[in-house]
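Novice: For reference, the structure I am asking about is given below.
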Amino acid sequence: MSYQVLAQKYRPQSFEDVAGQETVTRTLKNAVEKGRSANAYIFCGPRGVGKTSVARLLSKTLNCLADKGEKPCNKCASCHQISQGNDMDVLEIDGASNNGVDEIRALRENVKFSPSRGKYKIYIIDEVHMLSTGAFNALLKTLEEPPAHVKFIFATTEPHKVLPTIISRCQRFDFKRISSPVIAGRVRDIARAEKITLDEKAALLIARVADGSLRDALVVLDQMVSFSGGTIRTEDVAELMGMMHRDSLYGMADALIEGDAKKSAELADDMISGGKDPVYIANTLLAHFRDMMIIKVVKAPTSDMAFAEDELARIRDEAGKLSLEEILYMIQVLSHAISLMKSADFVRGPLEVALIKLANRSSVMSLPSIVEKIEELKSGMGVMSSAGSTHITRDNSVVPDKAEEASPSVPRGASMDVAEKVEERVPDGEPVVEELTDAGSKGHWKTVLNYVKGKKISLYTFLNPGKPIEFSDRKVVIGFDKEHSFNKEVLESESNKMLVQEAVNKVTGTAPALEFTILEFLGAEADRKDSKKERMEKAREEIKPVIEKAMDIFGGHIVRDFMEDV
């Protein structure tokens, strides 16, 4: 007798044997027992979760000669032949190779004939989404009103490709992925039945490799028996599957957690030299930090995390050494590296860059720290230490500092609406001009800069190199060196000048004339060393490090050039 693979040998023979699909099997058993079986079913779900097995079980139950109600006897001729896939009344059709209109027309002709032995003639169409649109349409009428002796059972891994008109004529059952602990338990049971020694960690590793598919797990178990014989260890599974050994994975994670860039790069080199693909290494690390994130947030493993207790303890220990923000940062950096590797010729480069970046993450501020710094800057916008300066409060009023506190004209805490104060203490018709001292103008200029910075950081970048040549209640003149002549051009645009004028008005309490000038005569246009484009590029280069740092911290990208706003 030829060898029978484990996936076929241990195919479920009753609804109770089906793993992880309790809702589906319970509904079908009750329907058969109460005589309420539908004329058509569609089973949807990922590979290897039991769709075809349940279709055969339902067929056996409906056509069982022993007629035991909700379960097949598995002893009669009908049950035996359905299990072997050669029963004349249960026809299994591959939708991929029989997807034309002609095949469906032949099926429509055959449904007229009564079953040869059982109660029903049952058509199981696997991968039904592969049928052409014409084939689907040819099946519609027969599917909606089939003869009383005909049942249809469709199976598909891609239900979104099935026409809605087909799905609406069927009872739909969605099969879910089987959890890793359930798969590991079934693998251990089968290994025990086959007299195979299988340790717990090896079973859990096979379950993780299977990714929710019990059939895939049994295929791996079959392969492991050929590789290891009667004893299967965790190291054997990792070696045969080309996986990263857990010790190597933990070593890499520990190096990144401790900030050891040298060790992490050396470990990556050892793995790549040993035949591991850089993309696989990055994906494995990404999954490991994802496990840390789940353990840190949920405090318990999810259904796909099959780990022994000592492995869970190790993951909890590593997660405890990192903040949630650090773990999220690591996941983000590794995800970006994987995206780069997909389009790179030198795939190990992005991996090594990511590892070194993660090991040196201490130089990157966390998001709460950034927010805290921003709040400090916002709260301290108006706090100036120089003599004669004023402060802008959060409601945009201007307050003098301690050096001006003694001035009787403006009480401490009052807004600098000078025009209103003058009207209160000076008779009508007597003009008042309040000239500012040199020290006072410098302090006022700093306040103007802080006001503009709080409103528009890009405009502040161009205004900052300026010097207050004249700063009075009548007129404010801001001068620029020759090398900052482009700044003057930017500031003279209508919207930018209005914002600077607003800041000046807030500080002086009046509306002085605002002018921008060049401190050194520039000469003829032909003598200029830099064109406007060159000066714009120079300004871009000055602000570029700040922009790049912000993108690195927040994981962003440039949507619009800030120079377009100036």
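The values are calculated or read from the model by the stated rules, or taken from the named source; none is laboratory data. Predicted, not measured: the structure shown is a model, and the values here were computed from it. As a convention, Cβ positions derive from the backbone with ideal geometry for all residues, glycine included, and neighbour counts pool all protein chains shown. To get the accessible areas, we keep the full protein, side chains included, count just its heavy atoms, and leave off ligands, DNA and RNA. Shrake-Rupley method; radii C 1.70, N 1.55, O 1.52, S 1.80 Å.
Novice: Keeping every protein chain in place, order 329, 460, 3 by accessible area at 1.4 Å, biggest value first, i.e. largest first.
Specialist: 3, 460, 329
Novice: Starting from the Cα-Cα distance between residue 360 and residue 343, subtract it from 0.36 nm times their residue separation and give me the gain in nm to one decimal.
Specialist: Full-extension gain reported as 3.6 nm.
Novice: Here's a follow-up. Does the stretch 141-261 classify as rounded, prolate or oblate by the C-alpha gyration tensor (a ≥ b ≥ c root eigenvalues; a/c under 1.5 gives rounded; else a/b over b/c gives prolate, otherwise oblate)?
Specialist: It is oblate, given that a/c is not under 1.5 and a/b is not larger than b/c.
Novice: Using θ = phi - 60° and the Karplus curve 6.51 cos²θ - 1.76 cosθ + 1.60, what whole-Hz ³J(HN,Hα) does each residue of the stretch 288-295 get, with Gly and Pro shown as x?
Specialist: 5, 5, 5, 4, 4, 4, 5, 4
Novice: Name the long-range amide H neighbours of residue 93: under 5 Å, sequence gap of 5 or more, or other chain; modelled H, no Pro or chain starts.
Specialist: 124, 125, 126
Novice: Ignoring everything but the protein chains, give the 1.4 Å probe accessible area of residue 299 in square angstrom, nearest 10.
Specialist: 140
Novice: Continuing with this model, one more query. Considering only protein heavy atoms, what per residue accessible area in square angstrom results for the stretch 1-145 with a 1.4 angstrom probe?
Specialist: Per residue, the stretch 1-145 has an accessible area of 50 Å².
Novice: Now a separate question. Considering only protein heavy atoms, what is the solvent-accessible area of residue 142 at a probe of 1.4 Å, reported in Å² to the nearest 10?
Specialist: 20
Novice: Ok, one more. Would you kindly state how much longer the chain becomes between residue 16 and residue 470 on full extension, computed as 0.36 nm times their sequence separation minus their alpha carbon distance, in nm to one decimal?
Specialist: That works out to 154.3 nm of additional length.
Novice: What is the calculated FRET efficiency for residue 174 to residue 298, with r their C-beta to C-beta distance and R₀ = 30 Å, to the nearest 0.05?
Specialist: With R0 = 30 Å, the Cβ-Cβ based efficiency is 0.75.
Novice: If I compute solvent accessible area with a 1.4 Å probe over the protein chains, what percent of it on the stretch 163-279 is carbon and sulfur?
Specialist: 49
Novice: Using amide H atoms built in the peptide plane, which far-off residues or other-chain residues are under 5 Å from residue 151 H to H?
Specialist: Amide H to amide H, under 5 Å and 5 or more residues apart or across chains, residue 151 pairs with 121, 122, 123.
Novice: Follow-up question, since we're still on this one. Semi-axes of the stretch 192-299's equivalent ellipsoid from the Cα gyration tensor, sqrt of 5 times each eigenvalue, largest first, rounded to whole Å?
Specialist: 28, 17, 12
Novice: Let me check something: with ligands and nucleic acids excluded, how do 250, 10 order by accessible area (1.4 Å probe), largest to smallest?
Specialist: Highest to lowest solvent-accessible surface, that is 10, 250.
Novice: Separate question: Carbon and sulfur together cover what percent of the accessible area of the stretch 35-87 at a 1.4 Å probe radius?
Specialist: Within the stretch 35-87, the accessible surface is 42 percent carbon and sulfur.
Novice: When N is the residue count of the stretch 1-113, what does its C-alpha Rg come to as a fraction of 2.2 N^0.38 Å?
Specialist: 1.13
Novice: Would you mind checking the stretch 327-343 for residues with the amide N under 20 Å from a putative spin-label position 7 Å along Cα→C-beta of residue 353?
Specialist: Label zone hits: 329-343.
Novice: Moving on. Could you work out how much longer the chain between residue 515 and residue 328 gets when fully extended? Use 0.36 nm per residue separation minus the Cα distance between them, nm to one decimal.
Specialist: 62.4 nm
Novice: Taking just the alpha-carbon atoms of the stretch 460-506, what radius of gyration and Dmax come out, in angstrom?
Specialist: Cα radius of gyration and Dmax of the stretch 460-506 are 10.4, 29 Å respectively.
Novice: On the accessible surface of the stretch 93-139, probed at 1.4 Å, how many percent belong to carbon and sulfur atoms?
Specialist: The value for the stretch 93-139 is 46 percent carbon and sulfur by accessible area.
Novice: Something else: Please quote Rg/Rh for the stretch 47-107 to two decimal places, taking the Kirkwood radius as Rh and restricting both calculations to Cα atoms.
Specialist: When Rh is taken as the Kirkwood radius, the ratio is 1.05.
Novice: Still on this model: Give the calculated FRET efficiency between residue 3 and residue 114 to the nearest 0.05, with a Förster radius of 51 Å applied to their Cβ-Cβ distance.
Specialist: 0.85
Novice: Using 1/(1 + (r/R0)^6) with R0 = 51 angstrom and r between the beta carbons of residue 195 and residue 133, what's the FRET efficiency to the nearest 0.05?
Specialist: With a Förster radius of 51 Å, E is 0.50.
Novice: If I ignore ligands, DNA and RNA and count only protein heavy atoms, how much of residue 222 is accessible to a 1.4 Å probe, in Å² to the nearest 10?
Specialist: Here the accessible area works out near 30 Å².
Novice: In Å², what does the accessible area per residue of the stretch 155-220 work out to with a 1.4 Å probe?
Specialist: Here the residues of the stretch 155-220 average 48 Å² of exposed surface.
Novice: Still on this structure: Considering only protein heavy atoms, with the full assembly of protein chains and a 1.4 angstrom probe, order 133, 52, 508 by accessible area, largest first.
Specialist: Most to least solvent-accessible, the answer reads 133, 52, 508.
Novice: Please list 170-178, 54-62 highest first by mean number of surrounding beta-carbon atoms within 10 Å per residue.
Specialist: Averaged packing, sorted descending, gives the order 54-62, 170-178.
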